[in-house]
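*Asks:* Sharing a structure below in structure tokens format, with a few things to ask.
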Amino acid sequence: MQHQMSRRQFLGMVALSATGSALAACVPAGAPPAQPGAAAPEAGQAAAPAAEGLSLRIGWWGGLSRNELYNQICDLYQEQNPGTTLVREYAGWSDYWTKVATQAAGGNLPDITASVIDTLSEYALRGAYAPMDPFIETGTIDVSDWNPMVLNSGKVADQVYMMPTGVTLNCIIMNQDLVKRAGLEPLPFEVTFDEFAAFTRQIQPELGADTWATTNGGGYSEHFQSWILQKGYQVANEDATDVGFPREVAEEFFDYWYSLYTDGVVIPIEISSQPLGDAWADSFLAKGQVACMYINSNQLKIFQQYTEDDLVIVRNPMMPDGVNRSGEYQRPSALSIAANTQYAEEVAKFINFFVNDIEATRIFNMELGAVGPAHVQEALRETIHPKDILVLDHFNACLKDIPPKIPDPKGTAAVLAAHRRAAEAISYGTPIAEALDTFFAEAKDAYAVNQPA
């Protein structure tokens, strides 16, 4: 099935959702909401024990292919744990979160609930998720060879509320064969903002008609967030009642990208906003019409399926004079323990199995991005797609120097949507100062939800 969306909508969708997970989540769910043969309980009721053991509900988002992966892992767990039945509830991305909101309000979340960093703070602080720290302390969830940066991405108020099943980070995917055909050397793995700008201006005259140096990173929210981190700020202030960065930080960001845009090295918005059939197969990257695309790293192998040109990862540009040299934004997708579960210990055991068991992680096959445990990474390198090895290498390189980032507080999704509208308006000719006035007003309104009553 092909999905009609514009390239602008495609990039906006990436920024709104989990790492890499949002794109795959666009595939329509193709199976009934619960299986095998067990109905979800009414609001306020916990899953009842199965006739011969324990019944746990698990909920996730995804389409047919992802559902099959989850089902295989659930089946494997049931085989290894006789007497445990996993009742499965799944839906497409939008329907899933609508359902989760209703379930959380009624104290009826699935015992094992798929979660993302976008909504982590909101659900954790509302008491919908249970802290995992007691199970980490006892070793029920083994984090002995996890990078602390990955674990910390699931923390709210110094407690762990989600265990990542995959992490994606923003990057540049470069078509290095296209670059070579243009007579230039491909960008190295690390490049500064000045070097990237110089490269785009150098390659553009060597590219053919209807081919550009880069997509518009100015409208890519993770890239904007990285810029803010590199400047030494967070998107929200400490109490999440307004943005956490001064106006000049956003102004410098848009100045940088507007300069590239007016120099003709960025795909014009009149073209990039046109509808496309398939988000990957019909993309500028797959068709060899752009040298560099700002996107999340876990998309590499998907785009590679649709082109014979060699695609590689380049890190988000470095900022040597910034407070932080790098600033990639960790976007984990994860599993959480529902606060309403009566079987938290058993839920923790399943989550540990999902993220640490070699057979289970080979089934999942880095579906949602890079994996956290070192022993799993080592095992997966033997079987994963060659491009996923690049994703792991990029992931590990970023973890060495990226600054910590607080989970997005409530209202951040609306702030990032305002950023994308500002970037679009600037591309269509709105003065940067005017677009910023609108952006900061909308951002303040978005964070007003966190003002004390």
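*Asks:* Determine ³J(HN,Hα), in whole Hz, for all residues of region 285-299 in sequence, where each value follows from phi through the Karplus function 6.51 cos²θ - 1.76 cosθ + 1.60 and θ = phi - 60°; x replaces Gly and Pro.
*Replies:* Listing the rounded values in order: 5, 5, 8, x, 9, 8, 7, 9, 10, 7, 6, 8, 4, 6, 7 Hz.
*Asks:* Got a sec? How would T168, T341, T361, T102 order by Cβ neighbour count within 10 Å, fewest to most?
*Replies:* Sorted ascending by nearby Cβ count, the order is T102, T341, T361, T168.
*Asks:* Each residue of region 265-281 in order: what ³J(HN,Hα) in whole Hz does its phi give by Karplus 6.51 cos²θ - 1.76 cosθ + 1.60, θ = phi - 60°, with x for Gly and Pro?
*Replies:* Once θ is set to phi - 60°, the couplings for region 265-281 become 9, 9, 4, x, 5, 5, 9, 5, 8, 5, x, 10, x, 10, 4, 9, 4 Hz.
*Asks:* Quick one: which residues, 5+ away or cross-chain, put their amide H under 5 Å from the amide H of L184? H built at 1.01 Å from N.
*Replies:* HN-HN under 5 Å from L184: empty list.
*Asks:* Shifting gears a bit: Mind checking region 376-406 for trypsin sites (Lys or Arg not before Pro) that DSSP puts in a loop (not H, G, I, E or B) and that have at most 16 other Cβ atoms within 10 Å?
*Replies:* Details: sites: R381, K387, K400, K405; in loops: R381, K400, K405.
Here the sparse-neighbourhood loop sites are R381, K400.
*Asks:* Taking the 0 to 90 degree range and rounding to the nearest ten, how far is the long axis of helix 247-262 tilted relative to the main principal axis of the chain, both from C-alpha atoms?
*Replies:* Roughly 60 degrees between the two axes.
*Asks:* A follow-up question, please. In whole Hz and in residue order, list the ³J(HN,Hα) couplings for region 328-336 that follow from phi through the Karplus curve 6.51 cos²θ - 1.76 cosθ + 1.60, θ = phi - 60°; x for Gly and Pro.
*Replies:* After applying 6.51 cos²θ - 1.76 cosθ + 1.60, I find 3, 9, 5, 10, x, 9, 7, 10, 10 Hz.
*Asks:* Something else now. Cut-off is 10 Å between beta-carbons; in what order do F189, F284, F395 appear when sorted fewest neighbours first?
*Replies:* The most exposed by this proxy come first: F189, F284, F395.
*Asks:* If one takes the longest principal axis of the Cα atoms in the chain, at what angle in degrees, from 0 to 90 and to the nearest 10, does the Cα axis of helix 432-447 lie?
*Replies:* Roughly 10 degrees between the two axes.
*Asks:* Mind listing which trypsin sites (Lys or Arg not before Pro) in region 213-296 are in a DSSP loop and have 16 or fewer other Cβ atoms within 10 Å?
*Replies:* Here the sparse-neighbourhood loop sites are K287.
*Asks:* Excluding same-chain residues fewer than 8 positions from K231, which aspartates and glutamates have a Cα within less than 13 Å of its Cα?
*Replies:* Output for K231: E248, E251, E252, D321, E328.
*Asks:* Okay, next question. For the chain, take every pair of Cα atoms, bin their distances at 10 Å starting from 0, and report each bin as a whole percent.
*Replies:* Distribution as computed: 4, 21, 31, 26, 13, 4, 0, 0 percent.
*Asks:* Oh, and also: Enumerate by residue number the GluC sites (Glu not before Pro) in region 348-453 meeting two conditions: DSSP loop (anything except H, G, I, E, B), and at most 16 other Cβ atoms within 10 Å of the site's Cβ.
*Replies:* In loop regions of region 348-453 (DSSP not H, G, I, E or B), the sparsely surrounded GluC sites (Glu not before Pro) are E382.
*Asks:* Where both residues lie in the chain, what percent of DSSP beta bridges are antiparallel, nearest 5?
*Replies:* Roughly 70 percent of the beta bridges in the chain run antiparallel, per DSSP.
*Asks:* Separate question: Starting from the exponent 0.38 and prefactor 2.2 Å, build the expected Rg for region 310-453 from its residue count and divide its actual Cα Rg by it. Before the final figure, lay out each step's value.
*Replies:* Values: Rg = 20.2 Å, N = 144, 2.2 N^0.38 = 14.5 Å.
This ratio for region 310-453 stands at 1.39.
*Asks:* What angle, in degrees between 0 and 90 and rounded to the nearest 10, separates the Cα long axis of helix 344-356 from the longest principal axis of the Cα atoms of the chain?
*Replies:* 50 degrees
*Asks:* Moving on to the next point. Using the count of nearby Cβ atoms within 10 Å as a rough guide to exposure, how do V355, V371 rank from fewest to most?
*Replies:* In order of increasing Cβ crowding within 10 Å: V355, V371.
*Asks:* Would you mind checking K155/K405; K99/K349; K180/K287; K287/K387; K301/K405; K349/K400 for any pair whose Cα atoms are more than 20 angstrom apart?
*Replies:* From K155/K405; K99/K349; K180/K287; K287/K387; K301/K405; K349/K400, over 20 Å: K99/K349; K301/K405; K349/K400.
*Asks:* Name the long-range amide H neighbours of N216: under 5 Å, sequence gap of 5 or more, or other chain; modelled H, no Pro or chain starts.
*Replies:* Answer set, sorted by chain and number: I267.
Each reported figure results from applying straightforward, stated rules to the coordinates on display, with no laboratory input. All figures in this text were calculated on a predicted structure; none of them were measured in a lab. Using ideal geometry, Cβ is built from the backbone for each residue, glycine included, and neighbour counts are taken over all protein chains shown.
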